[in-house]
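Structure first, then comments.
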Amino acid sequence: MEKRSAIVIGATGLTGSHLVKWLCESEAYIAVHVIARKALSYEHPKLDVLVKDFDTIEENDLEVAHDFFCCLGTTIKTAGSKEAFEKVDLTYPVQLACMAKNKGVSHFVVISAMGANPNSTVYYNRVKGEMEKQLIDLKLKKLSIFRPSLLTGDRKEFRLGERIGESIMQIVNPLLVGPLKKYRSIESQQVAFAMMQKALSGNNKPVSIYQSDEIAAVKEVLPKEEKPIPRDQLFNWEKREGVFVEEDLTTEVVDKPLKKEE
């Protein structure tokens, strides 16, 4: 497998922090470049971090990489206003995707949200939908969009609404089966893992959208192991046909004398 490099933005968030660890611990990646507003507490030999305000990021700040993972996301309450929220969840991802395209990045991987739709009556879903639309319009070489349901995990910041939602979903999750399965809450660590796995072994479509139940179903893709040769084939010449390539001993090899040097 080709050794890869990755860029991560949003590495201090709930999903991004898990993703950085997955990438650094993966044998498939030899370098992980992070752009963050503050230093990370996590350290690894493969990891380098550029601390920079997102408003001042330039194309030259991006390393050459195979995969660009965008894990940016906030709330209106945390951001302080709708304008500030849109900057994080819409403007930054699109601007970074443009830079990544110009830099020659092969694959842009981004977290969106279930229900994302530019025509939605729900403001949050409308912003996420507009982000997806603008990213698709960029005609990136390869774009993977992840639409998780309610994300669960240990957040550094307290969000009352999401804490209440997590408690409710613990009761409701087992009841959501069949077509409703995609509405189950999902661990942020699983979303991060799925993003990495799809970057490594996903399809070749220019645009792929993964719903929450698909994200939850992603498992590690292990390399195929060579099957051991059964003992009865190993010592049976007739059954060994096709298992080993036998040397052709029927052709007589005659040593020719070396020519004398003139």
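Before moving on, here are some points about what is shown:
- By the beta-carbon count within 10 Å of each Cβ, the least crowded to most crowded order of Val51, Val8, fewest first, is Val51, Val8.
- Antiparallel content of DSSP bridges confined to segment 4-217, in %, to 5: 0 percent
- Its residue count N sets the reference 2.2 N^0.38 Å, and the alpha-carbon radius of gyration of segment 4-217 equals 0.97 times that reference.
- Residue pairs exceeding 32 angstrom between C-alpha atoms, taken from Lys128/Lys198; Lys77/Lys219; Lys3/Lys139; Lys87/Lys205: Lys77/Lys219.
- Cα lying deepest toward the dipole's positive end in segment 4-217, options Val94, Gly129, Gly104, charges on Cβ: Gly129
- Here the Karplus relation 6.51 cos²θ - 1.76 cosθ + 1.60, evaluated at θ = phi - 60°, turns the backbone of segment 55-61 into coupling constants of 5, 10, 5, 10, 4, 5, 6 Hz, with x for every Gly and Pro.
- 3J(HN,Hα) couplings calculated from phi for segment 133-139 with the Karplus curve 6.51 cos²θ - 1.76 cosθ + 1.60 (θ = phi - 60°) are, in sequence order, 4, 5, 5, 5, 5, 6, 6 Hz; Gly and Pro show x.
- Charge sum, other residues only, whose C-beta stays under 14 Å from Gly129's C-beta, Lys/Arg counted +1 and Asp/Glu -1: -1
Any read-out appearing in this document is the output of simple, stated calculations on the displayed coordinates, not a laboratory observation. Predicted, not measured: the structure shown is a model, and the values here were computed from it. Note that we place each Cβ from the backbone using ideal geometry, even for glycine, and neighbour counts take in every protein chain shown.
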